[in-house]
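Here is the structure we will look at.
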There are 2 protein chains.
Amino acid sequence: MRALTTAREKVKVLLVLYDGGQHAKDVPGLLGTTENELGIRKWLEDQGHTLVTTSDKEGANSKFDQELVDAEVIITTPFHPGYLTAERLAKAKNLKLCITAGIGSDHVDLNAANKTNGGLTVAEVTGSNVVSVAEHVVMTILVLIRNFVPAHEQVERGDWDVAAVAKQEYDLEDKVVGTVAVGRIGERVLRRLKAFDCKKLLYFDYQPLSKEKEQEIGCERVEDLEEMLEQCDIVTINCPLHENTKGMFNAKLISKMKKGSYLINTARGAIVVKEDVAAALKSGHLAGYGGDVWFPQPAERDHPLRTAKNPFGGGNAMVPHMSGTSLDAQKRYADGTKAILDSYLSGRHDYRPEDLIVHKGDYATKAYGERK
Amino acid sequence: MRALTTAREKVKVLLVLYDGGQHAKDVPGLLGTTENELGIRKWLEDQGHTLVTTSDKEGANSKFDQELVDAEVIITTPFHPGYLTAERLAKAKNLKLCITAGIGSDHVDLNAANKTNGGLTVAEVTGSNVVSVAEHVVMTILVLIRNFVPAHEQVERGDWDVAAVAKQEYDLEDKVVGTVAVGRIGERVLRRLKAFDCKKLLYFDYQPLSKEKEQEIGCERVEDLEEMLEQCDIVTINCPLHENTKGMFNAKLISKMKKGSYLINTARGAIVVKEDVAAALKSGHLAGYGGDVWFPQPAERDHPLRTAKNPFGGGNAMVPHMSGTSLDAQKRYADGTKAILDSYLSGRHDYRPEDLIVHKGDYATKAYGERK
């Protein structure tokens with residue numbers, strides 16, 4: 001079978017994942033861990049290739065730094081990102097292919113990737129976890145607006161004070177929700193919100209949905225971001241991180257949001273200025289902030305958004321970066337990563353066009369390239 | 001204006017609510033508190049009536065017991081229930097009307113009410129919080145299946161271990177969800193789940209939905225409860241508490257559920273046997289239990305469902321009884337209570353038929369009466 005391929009033998013694949021420890025042994029479906037290695041070790045080794053897996057990715061002497069110098073393929077994830085900076089790419093003399101096992105390749109310096117070794121291919125597993133993230137967004141909206149966290153904490157503490165939690169409990173019905181970007185995730189969020197009878201479902205995006213889709217979902221486009229924010233009770237961020245969205249939700253933009261509104265971010269941590277979000281929550285300008293993305297990751301122990309609260313002692317619905325790594329999603333992105341690897345190792349290079357982020361020295365997708 | 005009425009003057013109204021304390025001062029919209037009194041004090045007193053409000057409802061010497069002996073109208077809620085037992089009803093010689101500010105009048109002994117003072121009227125504010133509860137159900141399903149609670153606790157503790165929480169994180173997509181009863185709340189739950197692309201949406205109810213509704217929602221009826229339970233990844237209880245549903249989810253019935261499934265109860269605490277649910281969670285037969293109803297209420301400090309966890313340390317999404325008492329719902333049930341009171345005090349007695357539970361010495365609704 002391998003005789004058909006044009007690929008060189010003994011490709012070195014470097015894989016950066018989070019450690020699962022006992023959890024990975026308990027649950028074999030935790031494919032995205034250093035122990036279970038996306039289920040690709042035997043498959044690679046049977047073909048004569050080498051796989052090196054690590055979670056050690058920080059600092060100049062990390063295993064990641066040591067092993068990337070002769071790796072031909074590097075696989076990383078957004079959950080425990082191996083940051084492929086320009087400096088690291090310059091050291092990776094054999095590198096040809098970077099795969100993101102998941103969605104979102106902002107942890108790779110894409111401009112540098114286009115200039116590395118004649119142009120790297122950066123691919124991700126498009127679609128592998130869009131549903132998982134969209135579900136997480138709807139959950140977070142409900143958790144915040146219904147004031148779940150302080151209520152559950154009350155139960156665990158042995159207390160009972162309905163007024164203390166009902167004082168900031170609302171229904172989602174009849175509220176205005178807006179999404180920043182209406183791509184694969186944003187659109188799925190709006191579709192899931194439709195049956196909740198919100199007052200308005202709004203979106204801000206450079207690319208409008210078709211009129212048919214708008215009608216089907218019951219949503220409206222707002223051309224100006226600030227104009228959308230000032231109408232919204234709830235804002236959900238669903239755009240990629242790139243040069244124009246980095247630090248976008250700073251004190252100034254947050255001040256345009258409605259007093260007492262909620263902000264949900266499952267996109268990327270660096271899209272918000274964490275200190276500004278924490279300050280807005282503390283003052284009550286924001287009633288809540290939730291999501292699963294941080295910068296950097298893992299979040300430092302004293303990251304201000306771990307414990308920031310609103311004046312009533314609630315409004316924090318943060319979790320580690322997990323929305324896209326449900327067991328269902330892990331299966332999908334492990335399968336997708338294997339498919340991309342196979343396309344490369346076999347020499348077919350028949351990638352799904354939607355998986356390509358940069359390819360042959362240039363951006364292959366509008367999502368990252370266009371807005372530079 | 002009052003000249004038109006046939007009602008006697010100086011009606012004594014007794015109102016049992018939870019205390020709001022400082023919260024009620026902070027948020028005037030907390031209408032369901034002893035401080036804000038559903039907003040009816042001035043309106044009643046301007047008509048010459050008397051209003052007595054208390055949260056003190058337990059034990060034979062409670063304010064509730066003392067004041068009910070000459071009250072003509074008693075208003076209670078499911079959130080902080082003033083239990084109207086046969087013993088208490090026997091002491092309430094002037095009682096004519098019991099209003100539940102909210103939905104669910106199981107804290108009133110309805111058989112006894114039919115025999116008290118020639119037959120009491122028991123009315124509730126039907127519809128006032130069905131959307132609130134349905135939203136809470138969908139939130140709880142997502143919180144459990146996406147393993148939110150241990151993930152948020154990790155963040156608060158300053159930890160970061162994605163594997164520890166992803167090991168029990170799933171998508172709602174492609175799962176089987178079933179509701180026990182498809183009344184006003186159950187139907188709204190199914191409608192909100194439709195866009196989540198579940199594998200199946202099932203319901204068990206003595207009264208089937210119309211074929212048109214089934215098709216619109218995309219759900220199927222299962223004639224036998226156990227047959228439904230053994231198919232479901234997620235079961236949500238949305239039936240009233242009555243003689244036939246009390247203790248229904250005991251060890252035997254829970255054993256028919258799928259291993260690793262989730263049970264959500266926002267109906268009434270006494271529908272489940274709390275010790276049996278806690279044992280099933282501890283063994284891992286249930287992966288999660290969540291909701292907001294307890295028996296009795298307030299829940300005792302050592303109620304087993306406050307802290308019961310699954311073997312992976314998660315799976316508890318309990319909160320105090322709050323799903324139906326969002327600020328939006330409080331406005332609706334305060335308005336509805338006032339409308340029922342006005343109908344009584346004015347002598348019009350033009351109640352909305354759907355609000356009547358018992359009336360003129362008999363059951364006025366199928367929900368409670370039929371299944372005795």
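Identify the single condition in (1) closer than 25 Å to residue B:128 by Cα; (2) open to solvent by less than 10 Å² (accessible area, probe 1.4 Å) that residue B:39 does not satisfy, given that it satisfies every other one.
It is condition (2) that residue B:39 fails.
Quick one: count up the residues across region A:300-332 that are surrounded by 16 or more Cβ atoms within 10 Å (Cβ to Cβ), closer than 29 Å to residue A:154 by Cβ and touching a residue at least 24 places away in the same chain (Cβ under 8 Å).
Of the residues in region A:300-332, 18 are surrounded by 16 or more Cβ atoms within 10 Å (Cβ to Cβ), closer than 29 Å to residue A:154 by Cβ and touching a residue at least 24 places away in the same chain (Cβ under 8 Å).
Go through (1) open to solvent by 30 Å² or more (accessible area, probe 1.4 Å); (2) in contact (Cβ under 8 Å) with a residue 12 or more places away in the chain for residue B:215 and report which single condition fails.
Of the numbered conditions (1) open to solvent by 30 Å² or more (accessible area, probe 1.4 Å); (2) in contact (Cβ under 8 Å) with a residue 12 or more places away in the chain, the odd one out for residue B:215 is (2).
Just wondering, is there one or more residues in region B:245-260 that are under 22 Å from residue B:172 (Cα atoms), in contact with a Lys or Arg (Cβ under 9 Å, 6 or more places away or on another chain) and part of a helix (DSSP H, G or I)?
Initially, region B:245-260 is screened for residues under 22 Å from residue B:172 (Cα atoms), giving B:254, B:256-260.
Cutting the leftovers down to in contact with a Lys or Arg (Cβ under 9 Å, 6 or more places away or on another chain) gives us none.
Looking through region B:245-260, none of the residues is under 22 Å from residue B:172 (Cα atoms), in contact with a Lys or Arg (Cβ under 9 Å, 6 or more places away or on another chain) and part of a helix (DSSP H, G or I).
Could we say that residue A:351 is open to solvent by less than 10 Å² (accessible area, probe 1.4 Å), among the hydroxyl-bearing types (Ser, Thr, Tyr) and closer than 28 Å to residue B:171 by Cβ here? Break it down stepwise before answering.
On the way: open to solvent by less than 10 Å² (accessible area, probe 1.4 Å): no; among the hydroxyl-bearing types (Ser, Thr, Tyr): yes; closer than 28 Å to residue B:171 by Cβ: yes.
Against the criterion (open to solvent by less than 10 Å² (accessible area, probe 1.4 Å), among the hydroxyl-bearing types (Ser, Thr, Tyr) and closer than 28 Å to residue B:171 by Cβ), residue A:351 does not qualify.
Inside region A:244-261, can you point out the residues that are touching a residue at least 12 places away in the same chain (Cβ under 8 Å) and open to solvent by 10 Å² or more (accessible area, probe 1.4 Å)?
Let us first name the residues in region A:244-261 that are touching a residue at least 12 places away in the same chain (Cβ under 8 Å), namely A:244-251, A:253-261.
Residues satisfying the conditions are A:244, A:246, A:247, A:248, A:250, A:251, A:253, A:255, A:256, A:258, A:259, A:260.
Pick out the one residue from A:126, A:121 that is in contact with a Phe, Trp or Tyr (Cβ under 9 Å, 6 or more places away or on another chain) and closer than 16 Å to residue A:355 by Cβ.
Numbers: A:126 fails: in contact with a Phe, Trp or Tyr (Cβ under 9 Å, 6 or more places away or on another chain).
Criteria check complete, one pass: A:121.
Of all residues in region A:48-76, count the ones that are open to solvent by less than 50 Å² (accessible area, probe 1.4 Å) and at pLDDT 95 or above. Before the answer, list the steps.
Step one: of region A:48-76, the residues open to solvent by less than 50 Å² (accessible area, probe 1.4 Å) are A:48-49, A:51-55, A:57, A:59, A:62, A:64-65, A:67-68, A:71-76.
Filter once more, keeping what is at pLDDT 95 or above: A:48-49, A:51-55, A:57, A:62, A:64-65, A:67-68, A:71-76.
The number of residues fulfilling the criteria is 19.
Report the residue count in region A:115-146 for those that are more than 22 Å from the chain's Cα centre (by Cα) and open to solvent by 10 Å² or more (accessible area, probe 1.4 Å).
Residues meeting the conditions: 5.
Check off (1) closer than 29 Å to residue B:326 by Cα; (2) open to solvent by 50 Å² or more (accessible area, probe 1.4 Å) for residue A:207 and give me the number that stays unchecked.
The one condition residue A:207 does not meet is (1).
So in region B:188-220, with the set limited to residues that are more than 19 Å from residue B:170 (Cα to Cα) and in a loop (DSSP other than H, G, I, E, B), which one is nearest to the other protein chains (Cβ to nearest Cβ)?
This residue is B:218.
Residue B:333 - would you say it is within 14 Å of chain A (Cβ to nearest Cβ) and within 24 Å of residue B:80 (Cβ to Cβ)?
Yes, satisfied.
Against the condition within 24 Å of the chain's Cα centre (by Cα), away from chain A (no Cβ under 14 Å) and open to solvent by 10 Å² or more (accessible area, probe 1.4 Å), how does residue B:229 come out, does it pass?
Numbers: within 24 Å of the chain's Cα centre (by Cα): yes; away from chain A (no Cβ under 14 Å): yes; open to solvent by 10 Å² or more (accessible area, probe 1.4 Å): no.
It is false that residue B:229 is within 24 Å of the chain's Cα centre (by Cα), away from chain A (no Cβ under 14 Å) and open to solvent by 10 Å² or more (accessible area, probe 1.4 Å).
If you scan region B:15-29, which residues turn out to be open to solvent by 30 Å² or more (accessible area, probe 1.4 Å) and in a helix (DSSP H, G or I)?
Hits for region B:15-29 are B:22, B:23, B:25, B:26.
Give just the number: which of (1) in contact with a helix residue (DSSP H, G or I) (Cβ under 8 Å, 6 or more places away or on another chain); (2) outside the structural domain of residue B:231 (by the TED database) does residue B:164 not satisfy?
That leaves (2) as the condition not met.
Report whether or not residue A:335 is open to solvent by 10 Å² or more (accessible area, probe 1.4 Å), farther than 18 Å from residue A:123 by Cα, at pLDDT 95 or above and not in a loop (DSSP other than H, G, I, E, B). Give the derivation first.
Working: open to solvent by 10 Å² or more (accessible area, probe 1.4 Å): yes; farther than 18 Å from residue A:123 by Cα: no; at pLDDT 95 or above: yes; not in a loop (DSSP other than H, G, I, E, B): yes.
Spelling it out, it is not the case that residue A:335 is open to solvent by 10 Å² or more (accessible area, probe 1.4 Å), farther than 18 Å from residue A:123 by Cα, at pLDDT 95 or above and not in a loop (DSSP other than H, G, I, E, B).
With region A:60-177 as the region, which helices (runs of 4 or more DSSP H) entirely inside it contain at least 3 residues that are without any contact (Cβ under 8 Å) to a residue 40 or more places away in the chain and facing another protein chain (nearest Cβ under 9 Å)? Full working, then the answer.
Working: elements: A:63-67, A:86-91, A:110-115, A:130-145, A:148-157, A:162-166.
Passing ranges, in order: A:148-157, A:162-166.
Can you find a residue that is within 13 Å of chain A (Cβ to nearest Cβ) and touching a strand residue (DSSP E or B) at 6+ places or on another chain (Cβ under 7 Å) anywhere in region B:45-59? Steps first, answer last, please.
Narrowing region B:45-59 to residues within 13 Å of chain A (Cβ to nearest Cβ): B:55, B:58.
Filter once more, keeping what is touching a strand residue (DSSP E or B) at 6+ places or on another chain (Cβ under 7 Å): B:55.
Looking for residues that are within 13 Å of chain A (Cβ to nearest Cβ) and touching a strand residue (DSSP E or B) at 6+ places or on another chain (Cβ under 7 Å), one finds at least one in region B:45-59, hence yes.
Quickly run through region A:340-368 and pick out the residues that are of a type in the set (Asp, Glu) and under 20 Å from the mean Cα position of the chain (by Cα). Before the answer, list the steps.
Of region A:340-368, the ones of a type in the set (Asp, Glu) are A:342, A:350, A:354-355, A:362.
Answer for region A:340-368, where residues must be of a type in the set (Asp, Glu) and under 20 Å from the mean Cα position of the chain (by Cα): A:354, A:355.
Going residue by residue through region A:233-243, is there one that turns out to be on the phi > 0 side of the Ramachandran plot, surrounded by fewer than 23 Cβ atoms within 10 Å (Cβ to Cβ) and touching a helix residue (DSSP H, G or I) at 6+ places or on another chain (Cβ under 7 Å)? Spell out how you get there, then give the answer.
We begin by selecting, within region A:233-243, every residue on the phi > 0 side of the Ramachandran plot; these are none.
Scanning region A:233-243, I find no residue that is on the phi > 0 side of the Ramachandran plot, surrounded by fewer than 23 Cβ atoms within 10 Å (Cβ to Cβ) and touching a helix residue (DSSP H, G or I) at 6+ places or on another chain (Cβ under 7 Å), so the answer is no.
Residue B:289 versus (1) surrounded by fewer than 24 Cβ atoms within 10 Å (Cβ to Cβ); (2) modelled with pLDDT of 95 or more; (3) of a type outside the set (Val, Ile, Thr); (4) not in a loop (DSSP other than H, G, I, E, B): which is the lone unmet condition?
Only one criterion in (1) surrounded by fewer than 24 Cβ atoms within 10 Å (Cβ to Cβ); (2) modelled with pLDDT of 95 or more; (3) of a type outside the set (Val, Ile, Thr); (4) not in a loop (DSSP other than H, G, I, E, B) is unmet by residue B:289, namely (1).
Residue check, residue A:34 against (1) surrounded by 15 or more Cβ atoms within 10 Å (Cβ to Cβ); (2) over 19 Å from residue A:132 (Cβ atoms); (3) touching a residue at least 24 places away in the same chain (Cβ under 8 Å), all met but one. Which one?
(3)
Among the residues of region A:187-198, is there at least one that is surrounded by fewer than 24 Cβ atoms within 10 Å (Cβ to Cβ) and closer than 30 Å to residue B:24 by Cα?
Scanning region A:187-198 turns up at least one residue that is surrounded by fewer than 24 Cβ atoms within 10 Å (Cβ to Cβ) and closer than 30 Å to residue B:24 by Cα.
The values are calculated or read from the model by the stated rules, or taken from the named source; none is laboratory data. Values in this document were obtained by computation on a predicted structure and should not be read as measured data. All Cβ positions, glycine included, derive from the backbone under ideal geometry; neighbour counts span all protein chains shown. Surface accessibility is based on the protein's heavy atoms, side chains included, excluding ligands, DNA and RNA. Shrake-Rupley method; radii C 1.70, N 1.55, O 1.52, S 1.80 Å.
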